[in-house]
Amino acid sequence: FPSHDSKRLNGVKGIHQAHIAAANQSFTKMFWVVDGDARLLDSFNFDYQVPEYDQDCVHIFHSLNPVNGLIYGYGAVKLLPRLLTSEITIDSLDMTLSNNNKVKVIDQISNITHFNVDEFITWRSAFRECVKLTINILNKKDNDESLQRLNTWCEVGIEKPFGEYCIRGAKEGKNYALVNRDNVDNLKLINDFDWLKMRFEHA
């Protein structure tokens, strides 16, 4: 990942807005996204070559969850198409799939997602992810896989740093999705970090 090709984004409010800003700074057809809490593995190299016919796909690698041991795309390195990302719908629930259902999962671990750094961020990460997993289950999308992941988020890792807040966030995210399954506006609030902070503090 040559330093002269990498750019750090700061001060952009909103997950969707951050990805749009990244796309607008890119000068290639596709660009890499590495979250701030990602600790890259030494074995991971940014040398994946995308065939031209796949350059409209969202490419998602795998990440290791340090709390519950899950390995899948949550928090992983992503390779995104620049033009499609620059035009994503900012009020969608999941940024990755907002304007494109073409996703290619790469069976390679890119990083460890160190989201469990304090009580709130750990809770927030689990809450958001488990809302998405629950909605996937309700929509009969990747049911078995999503259900297994959701159960693991809700049950595993209490002994890990901030594991209690991870499990609490997971359970509350699941319940929030069940209650608000038909309320799109309420579901979209999971991308509002100010709202999440207030919910955490007043729970």
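The values are calculated or read from the model by the stated rules, or taken from the named source; none is laboratory data. As the structure is a prediction and not an experimental result, all values here were calculated from the model. Cβ placement follows ideal geometry from the backbone for every residue including glycine, while neighbour counts extend to all protein chains displayed. Note: accessible area is taken over every heavy atom of the protein model, side chains too, but ligands, DNA and RNA are not part of it. Shrake-Rupley method; radii C 1.70, N 1.55, O 1.52, S 1.80 Å.
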Seminar exercise, completed: Given (1) within 27 Å of VAL33 (Cα to Cα); (2) in a helix (DSSP H, G or I), PHE115 misses just (2)
Exercise. Of all residues in the stretch 44-72, which are in a strand (DSSP E or B), among the hydrophobic types (A, V, I, L, M, F, W, C) and either more than 23 Å from GLU159 (Cα to Cα) or without any contact (Cβ under 8 Å) to a residue 12 or more places away in the chain (or both)?
Worked result: VAL58, ILE60, PHE61
Problem set entry | Among (1) in contact with a strand residue (DSSP E or B) (Cβ under 8 Å, 6 or more places away or on another chain); (2) open to solvent by 70 Å² or more (accessible area, probe 1.4 Å); (3) at pLDDT below 90; (4) over 11 Å from PRO81 (Cα atoms) - the single one LYS29 does not satisfy | (4)
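Give the residue, chosen from LYS104, LYS174, that is part of a helix (DSSP H, G or I) and either surrounded by 14 or more Cβ atoms within 10 Å (Cβ to Cβ) or within 17 Å of the chain's Cα centre (by Cα) (or both). First the steps, then the outcome.
Values: LYS104 fails: part of a helix (DSSP H, G or I).
Sole residue among the options that is part of a helix (DSSP H, G or I) and either surrounded by 14 or more Cβ atoms within 10 Å (Cβ to Cβ) or within 17 Å of the chain's Cα centre (by Cα) (or both): LYS174.
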Problem set entry | Set GLU164, GLU159: member being open to solvent by 70 Å² or more (accessible area, probe 1.4 Å), closer than 18 Å to PRO66 by Cβ and in a helix (DSSP H, G or I) | GLU164
